[in-house]
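Some notes on the structure that comes next.
The values are calculated or read from the model by the stated rules, or taken from the named source; none is laboratory data. Everything quoted here is computed from the prediction, not taken from an experiment. Using ideal geometry, Cβ is built from the backbone for each residue, glycine included, and neighbour counts are taken over all protein chains shown. In case anyone asks, the SASA skips ligands and DNA or RNA and just uses the protein heavy atoms, side chains included. Shrake-Rupley method; radii C 1.70, N 1.55, O 1.52, S 1.80 Å.
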Amino acid sequence: MLAYHRPTTTEEALALLPNATGTVSLYAGGTDLLPRWTRGIVPWAQTVVDLKRVHELRGVARDNGEICIGACTAMSDIESNATIREHAPVLAEAAARIACSQIRSRGTIGGNLCNASPAADTAVPLILLDATLELARLENDKVERRTVPIVEFFKGPGSTALASAEILTHIRVASRPSTWLAKWDKFGTRPSMEIAVASVGLALDLSNAKVQDVRIGYGSVAPTPLRGRAAEEVLKAKPLTEESMNQAVDAAKAEISPISDVRASESYRRQLVGVMLRRMLERARNS
Amino acid sequence: MPDSTIDLPTKRAAKKSLIGQRIPKLDAPEKATGLARYLEDIKLPRMLYGKILFADRPHARIVDIDTSAAKKIRGVRAVLTAADIKLVPFGFGQDNTALKAERVTCIRDEVAAVAADSPEIAALAIRRIRVTYEDLPLVTSPEQAMADGAPVIHEKTQDNIPFRYDYEHGDIEKGIQESDAIVEDTFDLQRMAHCCLGTSGIIADFDAQGSLTLHSLTQVPFQYKHDIAPIVGVPPQKIRVIQPPIGGGFGSKLDIHPFEPICVFLARATARPVRLTFTRQEEFLATPTRQPMAIHMKSGAKKDGTLTFRDVRMTLDNGGRTSWGATTPWIMMRTFSSLYRVPHVRQHADVVYTNNIYACAFRGYGNPQATFALESQIELLAHKLGHDPLEMRLKNAHDSRETTAQGMFLRTCGLKECLRASADKAGWNEKRNPVPGKPVASPGEAQRVPWPSEAPPCDAPKSEGCHGQAERRPEEPTTSEGCHGQAKRRPEEPTTSKGWHGQAKRRHEEPTTSKGWHGQAKRRHEEPTTSDGWHGPTNRLVRGLGMASLFHVGGGAKIYRSDGCGTMLQIDDFGTVTVMTGASEIGQGSDAVIAQIVAEELGLPLKNIRIVNNDTDVTPWDVGVHASRTTFIAGNSALRAAREARRKLIEAAAAKLQRKPEELDLSDGNVIERATGQPVESLGKIIRGIHFGAKNALVMTSEYYEPPSSPPDKKDRGDISGAYAFGTHVAEVEVDLDTGLVKVLKICAAHDVGRVINQLGIEGQIEGGIAQGLGYGLTEDIQVDAGRVLNPSFTDYKLITTRDLPEMEFTFVETRDPAGPHGAKGFGESPLIPVAAAVANAVYNATGVRITELPLTPERVLQKLQEAQV
Ligand SMILES: Cc1cc2nc3c(=O)[nH]c(=O)nc-3n(C[C@H](O)[C@H](O)[C@H](O)COP(=O)(O)OP(=O)(O)OC[C@H]3O[C@@H](n4cnc5c(N)ncnc54)[C@H](O)[C@@H]3O)c2cc1C
């Protein structure tokens, strides 16, 4: 490492990026970056721009019926934040299931998303919540902001819609009616500290005896966290029946594209997604 | 009381005894505060940093090594290849050299090494070394290695089988004829990594006279000195081994590993001290593992449950080189022959070269593997014959004072007590399914909780409002909440989450009657805080109970001509005792045990005892810390040295006070009157009287203790240990039939430990053993493909964490072995040995499906359930 910067504003951070020496890395909690650097999986960045002191990027706020989460908010803050626990509990639940408390108090939600692992645990809950991501870059010395829906943010393992010299600043989710239920779950190879072998999220509103506003999401079973549009389609505007649940499970298994790796085989991942979705649907129906 | 109990004389019953107390490890404050100076904390003046280039090719000829670019880097002080050193073969198979000259036979083979001013420069230099290889045909499995025309891995072993082990007693054919039921299976066992918290390392430091000091993490300092001498060309009398605090051994430090002589060569080449330590990734790649093996076993029993025969053929994947681990069949045969009475036993083992990473000793020394196979088959035989597996085990268990068919004399044997105690504690009769796979009752009496579950499992502040609030139905378990975000809990509820389904909380009731001779300890653990949201509805979760026992050496193992340990003891003028013991401390707690034994004997408080155990220039000889031998052998040695000091002190006091020695005793730093317990003189005065009085002597004693064991004969029979340890674990599991997830709910462990010396230490050993055993049974697996390790990090090598531990309950069966110090037996390896077998038996009891491979990952379990159409 040749240079380490610790800006306090987004603008300052962005201004550092084009002029930096050698390879640059934005640095939030470092819980994805450091293990990769120290294991020699990627070379250390020559310039590190630490975002943790950028005030704008931290904390959770209510904004016009939306929840606005700063990209550098630590997982432990997401997990314990009263607003999130009240209005987007599924996100708090996922944050609480990440790693251990040490990692959660350093690792950030923005880092989790920008790292773009198919196994990022906050991605699927944010898919259920239709999150939009706010990105900022510098154009003619002015901070330019754009928004990207979460499903368009992930491009592949480790790859996102972020342009070079662009920063993720905020994550926005809308409040939902109290009848809208959301659940996310992951399955690992050990009860604690697990990295998802597969994760599934389901959200729906059954208050009119029909499935409304349904969202399904999958993690670790495709190159990116994935929204389950085919399974959603099967369920939409129908009562939750044995038949529709079976069809949704079949659709889910068909629309994912898991791989076999050191954690699990492709076929096991498919089965897991089926079992997890099926159980969630059954519980939704029985509730 | 069982007839096995041999009472010790109650000569000093009145005195408060230290034996059996809960004593923290002596170095606990240093370790807990971070003040302990581990190898990585030691920085000698002018010290350089070493690093190794590993082959990263499983089988190849070395064509050329170009070190010129590495040598040009500023700060690089030496770059060595095999061409630069004298190559002396070493290792148990004499098939290893520090650096490899012509051929690499596994990815971890050491090819070159660097010493530099900083670890970063050393790492850079390693990256600049260019090696040209010519790949050779790869041998990835023992089957392939033993096939006709297989590539030869080491020229001197044309058949790729460097070692074979045979054992036999009785007549297998006769056993087969006598059997009413016979089972036959092949058990496939994986590689397991030691995962010592402290990674490997060494500092090599020459002085001006060419004497070599090694700051080494070895478990066997004296043997080490002897063995490393010829490799590095330094006579053993010029080698001093100092062991800094060692962050775990578990058998991994029994061998000389190539990095150790390499570091010496770097120190010699640079004439500076060199420290070489491994990163965690290097630790995973370049240190040996537990032996992977296939055990083919056939065994039989009569209608009445009497075991008739056991016929075992095993193939061990030795990897590309040989370590001490190649001798594990020598211990495994003892379990096959002597865990239970079996009249006809035969074992044949082939240890086979492959191009995989190699294996070494690991806690249990093959015994967890042997026990897994054997105890699985006991369960199968019991099922076939319609016996309760507990009764069947009891029927075939040895008694005290029996000599096993392999010639091991069991002065004490508490196996039957262990079987009964663990079964009682676990609720064997109530909870076990009489027929495997036919659950008597579904788990979680309560209904599983419907949508949704509860607040995130965290100790975060509870939120106020909530949406989607559902009324809690009266019959719902109290551990789950009916709405988002809400965390309304009754005061008595644990703060941990139970996920989607409120699992009925089970707590084991204290038994109302407790047998007097059982030491007893209990552990309760909170459920892990992770939620188990994927867990299925009640009818897809099944529970079962399974048991497994163990047999292991508990008084050393006579593999060398001596299995002894020396102690030197000195008392200063102030009553401080320095105990210099040959016994190495690798975290197992020998320091506290030895201090307790000495303090007890001399009637001194523990704080007066200092243990010196880490410097071969000071401490007397010992075989090393292995074979669960230290409490027994070093304990006996310390006990005798202390007894001799005690005799000297009491005689001096008797002379001074004009009393008979029998009338006096030592307690609390005083000489006391035995009859009344009244102090009559301070010990300090007696000691100073000896020192400065007429005799002008110091109170110093020494002892070399040799256990009452003998080396095995040519047929491998004989009483190789001073005592033998037994134990039984019962596991209760819950299996999810849709995902294959095995959740261990509880382990009840009963161990014949002879006698508890340090209760805190022994509980720690059991907890650690259970955690390691569960890792072996459920999650740990070094995956190797085409000779390469796929998961060399904790991300994908899954240890069991504290939060994954089940509820545990311990029973100590105190048989008071007449040869043990205060009746104690060795115990270090025992608690790991039966865990995986007990868990697999519980899975069998729950599902009716016998899984003969480890670990029991959800994917593997689901696959087997599906094959069996459960
Ligand atoms: C032991 C351990 C266990 C773990 N367990 C889990 C788990 O269970 N589930 C899970 O999902 N993850 C897990 N992780 C991964 C990691 O902790 C999370 O992904 C975490 O949220 C990453 O956040 P960070 O702030 O540490 O990211 P960093 O490491 O700082 O950054 C990650 C990447 O994002 C980029 N980045 C960060 N912030 C921004 C920004 N604002 N704008 C643009 N780019 C940015 C960085 O340049 C980098 O490329 C684990 C990690 C460890 C070490």
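Things worth noting here:
- At most 12 other Cβ within 10 Å, DSSP loop - trypsin sites (Lys or Arg not before Pro), the range B:789-870: none
- Residue pairs exceeding 24 angstrom between C-alpha atoms, taken from B:LYS303/B:LYS395; B:LYS416/B:LYS825; B:LYS25/B:LYS685; B:LYS438/B:LYS746; B:LYS798/B:LYS825: B:LYS25/B:LYS685; B:LYS798/B:LYS825.
- Reachable aspartates and glutamates from B:LYS714, criterion Cα separation under 13 angstrom, eight or more residues apart if same chain: B:ASP166, B:GLU168
- Within straight-line reach of A:LYS238, meaning a Cα separation under 16 Å, sit the following lysines at least 8 residues removed in sequence or on another chain: A:LYS210.
- Mean Cα-pair separation over length for chain B, i.e. relative contact order, pairs under 8 Å, 6 or more apart, %: 16 percent
- Between the range A:243-287 and the range B:239-264, the Cα center-to-center distance that results, in Å: 49 Å
- Cα centroid separation - the range B:692-710 against the range A:83-113, whole Å: 63 Å
- Alpha-carbon centroid distance for the pair the range B:364-441 / the range B:148-219, whole angstrom: 27 Å
- DSSP bridge analysis restricted to the range B:258-380 gives an antiparallel fraction near 45%, rounded to the nearest 5.
- Loop-located chymotrypsin sites (Phe, Trp or Tyr not before Pro) across the range A:102-193 with a Cβ neighbour count of 10 or fewer within 10 Å are lacking, with loop assigned by DSSP.
- Cα shape, chain B, gyration tensor, a/c 1.5 rule: rounded
- Buried surface between chains B and A: roughly 4400 Å² of accessible area, summed over both sides, computed with a 1.4 Å probe on protein heavy atoms only.
- Counting heavy atoms of the protein chains alone, A:TRP44 has an accessible area of about 110 Å² for a 1.4 Å probe.
- Relative intensity, log₁₀ I(q)/I(0), of the range A:153-216 from a Debye sum that treats every alpha carbon as a point, q = 0.14 Å⁻¹: -0.72
- Computed helical MRE - 222 nm, the protein assembly as shown, DSSP H runs ≥ 4 contributing -39500 (n - 2.57), nearest 500: -7500 deg cm²/dmol
- 13 Å Cα-Cα reach of B:LYS425 towards aspartates and glutamates, excluding residues that sit fewer than 8 places from it in its own chain: B:GLU417, B:GLU509, B:GLU510, B:GLU732, B:GLU807, B:GLU809
- DSSP finds beta bridges in chain A, and of those with both partners inside it, around 85 percent are antiparallel.
- Solvent accessible area, Å² - B:TYR705, 1.4 Å probe, full protein context: 10 Å²
- Using a Förster distance of 41 Å, the FRET efficiency for A:THR23-B:ASP84 (Cβ separation, nearest 0.05): 0.70
- Charge tally around B:ASP207: other residues with Cβ under 14 Å, Lys/Arg +1 each, Asp/Glu -1 each, net +3.
- Rough spin-label spacing in nm, given labels placed 7 Å along Cα→Cβ, for B:ASP796 and B:LEU35: 4.3 nm
- Residue with peak Gaussian network fluctuation, chain A [Cα springs, cutoff 10 Å], from A:THR122, A:THR21, A:THR31: A:THR21
- In this simple spin-label model, placing a label point 7 Å from the Cα along the Cα-to-Cβ direction at both B:VAL440 and A:LYS155 gives a separation of 6.2 nm.
- In a DSSP loop and with at most 11 other Cβ atoms within 10 Å, the trypsin sites (Lys or Arg not before Pro) in the range B:283-380 are B:LYS303.
- For the protein assembly as shown, the share of DSSP beta bridges that are antiparallel, to the nearest 5, is 80%.
- Placing dummy labels 7 Å off each Cα toward the beta-carbon, the span from B:TYR560 to B:LYS685 is 4.6 nm.
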